[in-house]
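Structure record follows, encoded as C-alpha cells.
Just so it is clear, none of the values below were taken in a lab; they were calculated from the coordinates. As the structure is a computational prediction, the values presented were derived from the model and not from experiment. Methodologically, a virtual Cβ is constructed for each residue, glycine included, from the backbone with ideal geometry; neighbour enumeration extends over all protein chains shown.
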Amino acid sequence: MTVVAADDRQRVRAQAKWVRTSARKARLVLDHIRGRTVPEARTVLAFSTRAAATDIEKVLRSAVANAEANHGLDGDDLVVEVAYADEGPTLKRWKPRARGRVNRIRKRTCHVTLVLAEVPETATRRRRRPRADAPVATAAPAAEGTTPAAKPKASRRQKKKEAVA
C-alpha cells in the first residue's frame, strides 16, 4: 500500500545504515530535531551531549547536500519532516567471566533515516499589524488591598503566627 502525500512539496531523503549506536539512544536525539528547520536542527545537534548526535548530524548534512545538488533546493528553507531510527543487526560478542562462564555483549546498530521537506508557504508566520481602529488595552494600576497578591508578605506572616498561637 502506497501513501500519497496530499501536498506537492518536494521531499529529500538520506539514510545512514549500520550506525554503531542503539536505536533507542538515537531516537532520543531524533525526537529533538523532528519538525524543526535545518538551521535549528543543526544548532540542537551541535550542542547535544549525546554521542548519537554526531552521526545524526552527518545524515542531516547528507540530506541537505542531496536537496541542493539533486533538486536545486535551498538547504536553509527545509524542515525535518520525518526522522526515525530502525534497529539494525546486533553484533554478538562474549566476555569471559569467573569459573569458565561467559557474559554476552550485544553491540547494537541502527539505521537512521531523515526526510526533509520544503517549508509550505502558508506555514510561514506573519506578524499581524494592529488595526488602526482597534482599541488599545492599557493596564490600569490596581487599588491597594483589592487583590490578595497586593498585600505585603509581612502581614501574611503575622496572620500565620496569630493563627498558630
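Ranked by how many other Cβ atoms sit within 10 Å of their own Cβ, fewest first, the residues 133, 76 fall in the order 133, 76. Exceedance of the 19 Å cut-off in Cα-Cα distance is limited, within the set 58/107; 25/95; 17/58, to 58/107; 25/95. For residue 82, the residues whose modelled amide H falls within less than 5 Å of its own, excluding neighbours fewer than 5 places apart on the same chain, are 115.
Applying the Karplus relation 6.51 cos²θ - 1.76 cosθ + 1.60 with θ = phi - 60° to segment 74-87 yields 3J(HN,Hα) values of 8, x, 6, 9, 9, 10, 6, 7, 10, 8, 8, 10, 9, 6 Hz, where x marks Gly and Pro.
Once backbone amide H atoms are built at 1.01 Å from N, residue 73 has 68 as its partners under 5 Å, excluding neighbours fewer than 5 places away on the same chain.
Dipole magnitude for segment 11-120: computed about the Cα centre from +1 point charges on Lys and Arg Cβ and -1 point charges on Asp and Glu Cβ, it is near 1680 debye. Ranking of 164, 102, 29, 82 by neighbouring Cβ atoms within 10 Å, starting from the fewest: 164, 102, 82, 29.
For a footprinting-style exposure proxy, rank 86, 7 by other Cβ within 10 Å, fewest first. Please list the in-between numbers first.
Values: 86 14, 7 9.
Fewest-to-most ranking of 86, 7: 7, 86.
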